[in-house]
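What follows is a set of notes on a single structure, which appears directly below.
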Amino acid sequence: MTIAILGGGLAGLSAAYYLKRERGIEKNQSIQIIEASNHTGGWIQSWKDENTNVISELGPRTIRGRGKSANNTYSLIKDLGIENLVRNVSIDASARYIFANGNIHQLPMSVWKALFTVNQPFTKPWIYYVLRECFSSNNSKVKLSDVQNNDESAYDFFCRTYGQEFADYLISPLLCGVCGGNAKQMSVKFMFGALYEAERKHGTVGLGLLKEQLSSIWNREKVKDTKATNIVKPPPSVYYLDGGLQRLIHALDIDNESQGIHTNLNTECTELHFHESGNGARIELSNGKQLECSHVISALPAHKLASLFHIKSQHSKLTQLLTSIPMVSIATVNLTYDDPKVMGSYKGFGVLSSPLEKLSLLGIIFNNYIYGRSDRVDLTVMMGGYGFKEHFVKNSKCLSEEKLADTAVGHVKRVLDIQSKPNTYSTQILNDCIPQYTVGHYERVTKIQEYINVRRLPLTLVGSSYAGISINDVIFASMTAMRKLCR
């Protein structure tokens, strides 16, 4: 029998990798990856400009190196033999900017400066917001009791705890940049889980985080006293791969193929049928063939998986739950300028736009500083997200390559005051590329998993629709799901 993995993006490839290592392929059993496009990797695509040797990324370009899931990713990179490709993000990319009130503002780079000086667009030092949260909590107990056992929007949470400025000028731009999301819709329980839990358990976020930090330090000291630990070199705090993140996809492809895992490109799953006996499933393929499977691992976006079930099937409830996880589209425009002086004094990772500006702009990434290049300016302008339909779909002319480039150049002029025309540009539209973890996301995912478990469906879900959008989240979720499946 066959285990079918639907989708050959990062989630599907890493699921195949971990499945083989956790259980191996039994006799008379195969693992087949079904991928609709002509390439693996999904949105992770890298390409080089042959004239400038500049690497561009369609999707993510960096990987964070802190935390449990980050350590797992770094272990995968080492196991695949591509640790030599790891590069630290340049120190020139340390600064972050916010565009608000018609001006660009650098976020403070030190905790002390943030706490005790006024940094525009904020009108007060951050210590004010911290103390506000600590001393106003007693006055909001009734409101807190109404929400702490459920969920609320990130915007409402930060307005309630730290004030509207904090929500408008920090949290809203942050969520625009991370997932193209609207802070007034995104789940604080999912997006800021540590803060949510700190308030729920301890009454205030500040006190809760302090207690958790002290507890963590105490536990680490106890481990040091009772157990010898091997010192392992940690990954860089933020890094990229020389040649682009597609090198990770290429390494997974090679390893999976060496383990006997077959990838079917240009092959789409058009229908999915679970046998009533609960024994396996049948998938219909776009090439007219059928595939009998002992188990199906879906690495597809939730709404795409939902489309594979018959409308009148007995799984209409599952279909409804899957389609309740929304997606947004992003338009990206890469702009290059041969003169490095056009950036003026701006140096850093990039700038995020406050939604209060009512622009189609989400943010601008300073690629040349991320990769440590000083001979040219290389920018990626991100637009759309939750406002994609409003800014682009309502006027289809805005989706032409020329119009997208003009819009991006206009944003760069407004935000960075770059008046020169770019020497080159390229545009991409990433349709339905980022899931939105809106209020109640945890509960929706729990109901989906309960439906699968109660009916004993031979189905495992992986991918960014459920457990997180970052590279670390996707890989870690695939590893965890495969271990559970093999048990």
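The values are calculated or read from the model by the stated rules, or taken from the named source; none is laboratory data. What you are looking at is a predicted structure, and each value in this text was computed from that prediction instead of being measured. No Cβ is skipped: glycine too gets one built from the backbone with ideal geometry, and neighbour counts run over all protein chains shown. Surface areas here come from the heavy atoms of the whole protein model, side chains and all, with no ligands, DNA or RNA. Shrake-Rupley method; radii C 1.70, N 1.55, O 1.52, S 1.80 Å.
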> How many residues, within the range 452-465, are crowded, with 21+ Cβ neighbours inside 10 Å and in a helix (DSSP H, G or I)?
Replying inline: 2
>> Looking only at the range 96-114, count every residue that is farther than 20 Å from residue 413 by Cα and open to solvent by less than 80 Å² (accessible area, probe 1.4 Å) and tell me the total.
In response: 4
>> Against the condition open to solvent by 20 Å² or more (accessible area, probe 1.4 Å), in contact (Cβ under 8 Å) with a residue 60 or more places away in the chain and in a strand (DSSP E or B), how does residue 429 come out, does it pass?
In response: yes
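Look at residue 456 and say whether it is more than 14 Å from residue 302 (Cβ to Cβ) and basic (Lys, Arg).
Values: more than 14 Å from residue 302 (Cβ to Cβ): yes; basic (Lys, Arg): yes.
Here the answer is yes, as residue 456 does meet what is asked.
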>> Being touching a residue at least 60 places away in the same chain (Cβ under 8 Å), acidic (Asp, Glu), within 28 Å of residue 239 (Cα to Cα) and open to solvent by 30 Å² or more (accessible area, probe 1.4 Å) is true for just one of 473, 417. Which residue is that?
In response: 473
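Within the range 206-215, is even one residue open to solvent by 40 Å² or more (accessible area, probe 1.4 Å), touching a Cys at 6+ places or on another chain (Cβ under 9 Å) and either in a helix (DSSP H, G or I) or modelled with pLDDT of 85 or more (or both)?
Yes, there is a match, as at least one residue in the range 206-215 is open to solvent by 40 Å² or more (accessible area, probe 1.4 Å), touching a Cys at 6+ places or on another chain (Cβ under 9 Å) and either in a helix (DSSP H, G or I) or modelled with pLDDT of 85 or more (or both).
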> Taking the range 279-309, which residues are over 20 Å from residue 28 (Cα atoms), part of a loop (DSSP other than H, G, I, E, B) and not aliphatic (A, V, I, L, M)?
Replying inline: 286, 287, 288, 301, 307, 309
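With respect to residue 271, is the statement that it is in a strand (DSSP E or B), under 30 Å from residue 441 (Cα atoms) and either open to solvent by 80 Å² or more (accessible area, probe 1.4 Å) or out of contact with any Gly (no Cβ under 9 Å at 6 or more places or on another chain) (or both) true? Even if it seems obvious, please write down each step before you answer.
Values: in a strand (DSSP E or B): yes; under 30 Å from residue 441 (Cα atoms): yes; either open to solvent by 80 Å² or more (accessible area, probe 1.4 Å) or out of contact with any Gly (no Cβ under 9 Å at 6 or more places or on another chain) (or both): yes.
It is true that residue 271 is in a strand (DSSP E or B), under 30 Å from residue 441 (Cα atoms) and either open to solvent by 80 Å² or more (accessible area, probe 1.4 Å) or out of contact with any Gly (no Cβ under 9 Å at 6 or more places or on another chain) (or both).
Quick grid of which residues meet (1) in contact with a helix residue (DSSP H, G or I) (Cβ under 8 Å, 6 or more places away or on another chain); (2) more than 18 Å from residue 178 (Cβ to Cβ); (3) modelled with pLDDT under 95:
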site: 354; (1), (2), (3): yes, no, no
site: 357; (1), (2), (3): no, no, no
site: 385; (1), (2), (3): yes, no, no
site: 398; (1), (2), (3): yes, yes, yes
site: 413; (1), (2), (3): no, yes, no
> When both residues are 6+ apart or on different chains and their Cβ atoms are under 8 Å apart, which pairs have a first residue that lies in the range 178-203 and is over 29 Å from residue 381 (Cα atoms) and open to solvent by 50 Å² or more (accessible area, probe 1.4 Å), and a second that is at pLDDT below 95 and among the charged types (D, E, K, R)?
Replying inline: 194/212; 202/211
> Given the structure, is residue 418 modelled with pLDDT of 95 or more and assigned to a loop (DSSP other than H, G, I, E, B)?
Replying inline: yes
>> I'm told residue 333 meets every condition in (1) in contact with a helix residue (DSSP H, G or I) (Cβ under 8 Å, 6 or more places away or on another chain); (2) on the phi > 0 side of the Ramachandran plot except one. Can you identify the failing condition by its number?
In response: (2)
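When you go through 12, 65 one by one, which is the residue that is modelled with pLDDT of 95 or more, in contact with a strand residue (DSSP E or B) (Cβ under 8 Å, 6 or more places away or on another chain) and buried (at least 18 other Cβ atoms within 10 Å of the Cβ)? Don't jump to the end; show me each part of the working.
Working: 65 fails: modelled with pLDDT of 95 or more.
Of the residues listed, the single one that is modelled with pLDDT of 95 or more, in contact with a strand residue (DSSP E or B) (Cβ under 8 Å, 6 or more places away or on another chain) and buried (at least 18 other Cβ atoms within 10 Å of the Cβ) is 12.
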> Do we find that residue 437 is among the aromatic types (Phe, Trp, Tyr) and closer than 30 Å to residue 339 by Cβ in this structure?
Replying inline: no
> What are the residue pairs meeting all of these: first residue in the range 102-118, first residue more than 26 Å from residue 361 (Cβ to Cβ), second residue aromatic (Phe, Trp, Tyr), Cβ atoms under 6 Å, and 6 or more apart or on different chains?
Replying inline: 115/126
> Which one is modelled with the lowest pLDDT among residues in the range 476-487 that are part of a helix (DSSP H, G or I) and surrounded by fewer than 16 Cβ atoms within 10 Å (Cβ to Cβ)?
Replying inline: 486
> Among the candidates 449, 436, which residue alone is in contact with a helix residue (DSSP H, G or I) (Cβ under 9 Å, 6 or more places away or on another chain) and surrounded by fewer than 18 Cβ atoms within 10 Å (Cβ to Cβ)?
Replying inline: 449
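Say whether the condition of being more than 26 Å from the chain's Cα centre (by Cα) and either in contact (Cβ under 8 Å) with a residue 24 or more places away in the chain or surrounded by fewer than 16 Cβ atoms within 10 Å (Cβ to Cβ) (or both) is met by at least one residue in the range 235-245.
Let us first name the residues in the range 235-245 that are more than 26 Å from the chain's Cα centre (by Cα), namely none.
No: the range 235-245 contains no residue that is more than 26 Å from the chain's Cα centre (by Cα) and either in contact (Cβ under 8 Å) with a residue 24 or more places away in the chain or surrounded by fewer than 16 Cβ atoms within 10 Å (Cβ to Cβ) (or both).
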> Is there a residue in the range 384-404 that is open to solvent by less than 50 Å² (accessible area, probe 1.4 Å) and free of Cβ contacts under 8 Å to residues at least 24 places away in the same chain?
Replying inline: yes
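In this structure, is residue 305 under 17 Å from residue 6 (Cβ atoms), in contact with a Ser or Thr (Cβ under 7 Å, 6 or more places away or on another chain) and buried (at least 19 other Cβ atoms within 10 Å of the Cβ)?
Working: under 17 Å from residue 6 (Cβ atoms): yes; in contact with a Ser or Thr (Cβ under 7 Å, 6 or more places away or on another chain): yes; buried (at least 19 other Cβ atoms within 10 Å of the Cβ): yes.
So residue 305 fits the description; yes.
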> Scanning for something closer than 26 Å to residue 234 by Cα and part of a helix (DSSP H, G or I), does the range 55-68 turn up at least one residue?
Replying inline: yes
